[in-house]
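Peer 1: I have a structure here, written as structure tokens, and I will follow up with some questions on it.
What follows is calculated from the coordinates using simple rules that are stated; it is not laboratory data. The structure presented is a predicted model; accordingly, all values stated were derived computationally and were not measured. No Cβ is skipped: glycine too gets one built from the backbone with ideal geometry, and neighbour counts run over all protein chains shown.
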Amino acid sequence: MKTYDKFLDYYEEVVRWINSPLEDEVEFLKEDCIREYNSEAKTILEVACGTWSVAKEFIKAGYEVTGLDINENMLKKAEALLNPPLTPPSNHGGGKKVELILWDMTNFDLWKTFDVVLCNYNSICHLLTWQEWQDFFAMAHKHLNKNGILIFDINTLFEFESITRDFAQFYTFGDDVVCLEMFKKPSHFEWLIKIFSHKKVPHPNPLPEGEGNNLYELITEVVKENSFPISKIEKELKATWFKLLEKVDYHYGQVSAESERVYFISKKS
């Protein structure tokens, strides 16, 4: 079983279906997070940048963006999104600067700092142990300018528990079908991804069109995730020299015990 191998072909579309429209997500990050708490920000480090869909919108808005991800295939797809090169407006000063880096988000050293460290779409939840979360907070602090802000979101434990009780999710891509199911393990949660990939095969005695001349290949991948209590995360941010500016339930605003997706906005102190 592999992670984000064949599923990468469907990743962007599934992310869009599961989450809010990309335009809404970027608007929230730009207006309610960055401009609200660091209006002079010019540089962004997006950690676990994936296929670059969010970063591309920030580049268009004039920010200088560096993307870091541990998955080489994700970065290759991100590079494809940068071709042809984007030309952002100059409202933040300077020209466009884009850099993609293959590195582990829990242990990296870029020898420079940024106005914003961003980790969204609950990417931090791919870190399975609390030690890894602590290591990421330390890396973010190290790579922020004075008064720089860290923005990240999580799928809460409540959300993961809820998904494990849901029915399987099915997505259709032409003749292909993708099935997602989540299961709770002793120390984490696992997405079981089943891809039914349609194949056309020759038949010695062909049947009429649409009557059995098809074959489906089953491809299985597993993606592991984990989360931790909101109060524990708040305490750790303070311990790693961050000031928590705001935590937001992305869907409802006010964070509660039944929040599913929560954003944390913190300032380096």
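Peer 1: Which ³J(HN,Hα) values, rounded to whole Hz and listed in residue order, are derived for the range 104-109 from phi using the Karplus coefficients 6.51, -1.76 and 1.60 in 6.51 cos²θ - 1.76 cosθ + 1.60 with θ = phi - 60°, glycine and proline given as x?
Peer 2: 7, 5, 9, 7, 9, 9
Peer 1: Given the DSSP H assignment, sum -39500 (n - 2.57) over each helix run of at least 4 residues in the chain and divide by its residue total; what's the result at 222 nm in deg cm²/dmol, nearest 500? Could you put the intermediate results ahead of the total?
Peer 2: Working: 7 runs with 67 residues, N = 269.
Mean residue ellipticity, 222 nm, calculated: -7000 deg cm²/dmol.
Peer 1: Hey, in the GNM for the chain with a 10 angstrom Cα cutoff, which one of Lys42, Lys243, Lys146 fluctuates hardest?
Peer 2: The residue with the greatest mean-square fluctuation here is Lys146.
Peer 1: Okay, next question. Read phi for every residue in the range 50-55 and hand back ³J(HN,Hα) as whole Hz from Karplus 6.51 cos²θ - 1.76 cosθ + 1.60, θ = phi - 60°, with x for Gly and Pro.
Peer 2: x, 8, 6, 5, 6, 4
Peer 1: Read phi for every residue in the range 35-46 and hand back ³J(HN,Hα) as whole Hz from Karplus 6.51 cos²θ - 1.76 cosθ + 1.60, θ = phi - 60°, with x for Gly and Pro.
Peer 2: Values per residue, Gly and Pro as x: 5, 5, 10, 7, 5, 8, 4, 10, 10, 10, 9, 9 Hz.
Peer 1: Going by C-beta contacts inside 10 Å, put Arg35, Arg261 in order with the fewest on the left.
Peer 2: Values: Arg35 12, Arg261 18.
If I rank by nearby Cβ atoms, fewest first, I get Arg35, Arg261.
Peer 1: Normalised by the residues of the chain, what does the relative contact order come to in percent, with Cα pairs under 8 Å and at least six apart?
Peer 2: Numbers: 494 pairs, mean separation 47.8, N = 269.
Normalised by residue count, the contact order of the chain is 18 percent.
Peer 1: What percent of all Cα-Cα pairs in the chain falls in each 10 Å bin, counting up from 0?
Peer 2: So the P(r) values, bin by bin, are 6, 27, 34, 20, 8, 3, 1, 0.
Peer 1: What does the extension gain come out to for Glu217 and Ala257, with contour length at 0.36 nm per residue minus their alpha carbon separation?
Peer 2: Numbers: separation 40, 0.36 × 40 = 14.40 nm, distance 4.14 nm.
10.3 nm is the gain from fully extending Glu217 to Ala257.
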